[in-house]
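Each remark here refers to the structure printed beneath this line.
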Amino acid sequence: MDAVKELKYFFLVLFILAIVWLFTGGPFRPEATSGLFLKDPQGRRARDVQKGVDKITDTTRPDEDDTVEPKDDDAKEIPKDIVTLKRANARDTDINDEYIEIVAAKGNKNAVNISEWKIEGENGLDLKLGYGTYVYTPGISNPKENIFLEPGGKAIITTGYSPLGANFLINKCSGYLDQDKQFSPRLPRQCPLMEDEVLPEGLNDECLDFIEDISKCEILDTIPSYLNSACQSFLSEKVNYKSCVSLHRNDADFFGNEWRIFLSRSNELWKKSREQITLTDENGNLIDSIAY
């Protein structure tokens with residue numbers, strides 16, 4: 001009988017413990033799924049090994065709870081390319097001499113496409129700058145290409161019509177195109193001297209003396225009759241814009257950093273005083289403005 005009582009007592013204790021276990025969470029307690037260890041020794045070992053590898057390879061891995069602060073350099077804004085509008089010769093009343101300038105800062109990181117930009121004055125006209133050609137070629141319809149201002153470059157924007165029928169980028173041969181002083185301001189005279197070119201063999205002293213007297217970008221109105229036929233033929237074929245471009249187009253310094261843009265207007269655009277001119281980009285954002 002004593003054994004039977006003890007067995008009943010044992011089952012009663014188990015029943016009470018089961019009731020307590022169920023009231024304290026039972027199978028839903030975290031400890032029921034955490035295994036035998038409060039912390040995972042394998043995971044800790046893996047992290048210790050990784051730290052050792054990082055130390056050897058001189059690399060670092062932030063802990064899961066760490067936050068990486070951005071460096072000062074990362075927080076700095078990238079500066080925008082700067083383009084400035086200048087009054088230049090806006091007060092002139094002659095449409096061929098009336099011009100303003102757009103200048104790209106030397107510190108710009110990129111070339112700036114100004115083809116779709118617009119200028120507007122007190123008269124309310126907003127005029128697109130338009131497109132141009134990188135290498136003007138006489139006698140053909142020149143391609144219309146995007147106009148990019150390189151860092152430090154500028155565009156001279158004239159009210160009237162282009163004497164060449166196109167907007168164009170200055171090059172080292174452009175001075176040949178301004179024989180009649182038809183550009184304002186004048187095109188730079190940067191053409192190579194004829195005496196510095198590779199001359200054909202057989203030119204006599206009279207011809208060589210004449211060549212040495214030819215100025216930069218000078219086109220000959222007449223060729224002296226005392227020069228022999230070989231000399232006259234050479235001068236006629238080689239002392240001109242087309243030949244200069246053919247010889248020097250691949251030179252590193254062939255292209256200039258100045259565009260000539262013409263708005264093709266028949267009347268002056270800018271007032272002599274109390275004028276405000278604004279420059280906006282293709283989205284209507286203000287780039288710069290001047291008032292005088």
Within the range 202-227, considering residues that are modelled with pLDDT of 95 or more and among the charged types (D, E, K, R), the one farthest from PRO163 (Cα to Cα): ASP205
Residue satisfying condition, being farther than 29 Å from TRP117 by Cα and in contact with a Leu (Cβ under 7 Å, 6 or more places away or on another chain), within set GLU237, GLU206, GLU218: GLU206
Residue ID - nearest to SER174 (Cα to Cα), chosen from residues in the range 123-134 that are surrounded by 15 or more Cβ atoms within 10 Å (Cβ to Cβ) and not aromatic (Phe, Trp, Tyr): THR133
Subset of the range 209-235 [more than 46 Å from the chain's Cα centre (by Cα) and among the hydroxyl-bearing types (Ser, Thr, Tyr)]: SER225, TYR226, SER229
Answer residue from the range 111-122, given it is surrounded by fewer than 17 Cβ atoms within 10 Å (Cβ to Cβ) and in a strand (DSSP E or B) and is nearest to the chain's Cα centre (by Cα) among those: ASN113
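Here is a yes/no grid of residues against (1) of a type in the set (A, V, I, L, M, F, W, C); (2) touching a Lys or Arg at 6+ places or on another chain (Cβ under 9 Å); (3) assigned by TED's automatic domain parsing to the domain that holds ILE214; (4) modelled with pLDDT of 95 or more:
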| site | (1), (2), (3), (4) |
| --- | --- |
| ASN123 | no, yes, no, no |
| TYR131 | no, yes, no, yes |
| TYR136 | no, no, no, yes |
| ILE147 | yes, no, no, yes |
| LEU164 | yes, yes, no, yes |
| LEU177 | yes, no, no, yes |
| LYS181 | no, no, no, no |
| PRO188 | no, yes, no, yes |
Number of the condition not met by LYS106 [criteria: (1) at pLDDT 95 or above; (2) over 30 Å from GLN182 (Cα atoms)]: (2)
Selection count where residues are in contact with a Cys (Cβ under 7 Å, 6 or more places away or on another chain), within 19 Å of GLY132 (Cβ to Cβ) and either part of a strand (DSSP E or B) or of a type in the set (Lys, Arg) (or both), scope the range 165-201: 1
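The values are calculated or read from the model by the stated rules, or taken from the named source; none is laboratory data. Quick caveat, the model's predicted, so the values are computed rather than measured. Note that each Cβ is placed from the backbone with ideal geometry, even for glycine, and that neighbours are counted across all protein chains shown.
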